[in-house]
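For reference, the structure discussed in these notes is given below.
None of the figures in this text is laboratory data; all of them are computed from the coordinates on show. The structure presented is a predicted model; accordingly, all values stated were derived computationally and were not measured. Glycine gets a Cβ as well: all are built from the backbone with ideal geometry, and neighbour counts include every protein chain shown.
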């Protein structure tokens, strides 16, 4: 039987960045705080704080906090637009959909960052690069 390498969905060992536990913890917190922020309305504040604290000392945590911040700024805009669209009833469907997807993707981001891999949120505009 021939070995054709790793499965297509499995990252190569070279693709997985080896990061220390402390670096992973800060990255996980950036994603978790964004998800928890969905319950208070300003989901971008947690990732912003992690990014400001870690941006000069930890490249992995800085990258993940910036990614979570970009995502939650995008979500903040989407929720604002959805709230305005409540006037024409489109927001009745859109608002809970944005909320659920944002919380779900924040959990996924935290799990991936906890494994020491960089997570990229799908379909967002990256304001901070």
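In nanometres, what is the gap between the two model label sites at residue 120 and residue 88, each 7 Å from Cα along Cα-to-Cβ? Result for the modelled spin labels: 3.3 nm.
Which of rounded, prolate, oblate describes the range 66-111, given a ≥ b ≥ c as roots of the alpha-carbon gyration tensor eigenvalues and a/c under 1.5 marking rounded, otherwise prolate only if a/b is larger than b/c? If you can, show how the numbers build up before the last one.
Numbers: a/c = 5.83, a/b = 1.94, b/c = 3.01.
Because a/c hits 1.5 or more and a/b fails to exceed b/c, the range 66-111 counts as oblate.
Values (i) 22; (ii) 34; (iii) 44 are given for comparison; percent of Cα pairs over 24 Å apart, derived from the coordinates here, is the one labelled (ii). Computed over the chain with a Gaussian network model linking Cα atoms closer than 10 Å, the most mobile of 90, 101, 112 is 90.
Mean-square fluctuations from a GNM of the chain, with a 10 angstrom spring cutoff on Cα atoms, peak among 35, 116, 22 at 22. The C-alpha atoms of the chain define a longest principal axis, and helix 90-114 lies at about 20 degrees to it.
Nearest 500 deg cm²/dmol is fine: what mean residue ellipticity at 222 nm does the chain get from its DSSP H runs of n ≥ 4 alone, each adding -39,500 (n - 2.57), divided by its residue count?
Numbers: 4 runs with 78 residues, N = 129.
Computed mean residue ellipticity for the chain: -20500 deg cm²/dmol.
This ranking places 115, 58 by how few other beta-carbon atoms lie within 10 Å of each, fewest first, which gives 115, 58. With respect to the chain, whose longest principal axis is taken over its alpha-carbon atoms, helix 59-84 is tilted by about 20°. Axis of helix 45-54 versus longest Cα principal axis of the chain: the two differ by about 40°, to the nearest ten degrees. With contacts taken as Cα pairs under 8 Å and at least 6 residues apart, the chain reaches a relative contact order of 30 percent.
Between 48, 97, 105, the GNM of the chain built on Cα springs shorter than 10 angstrom shows 97 fluctuating the most.
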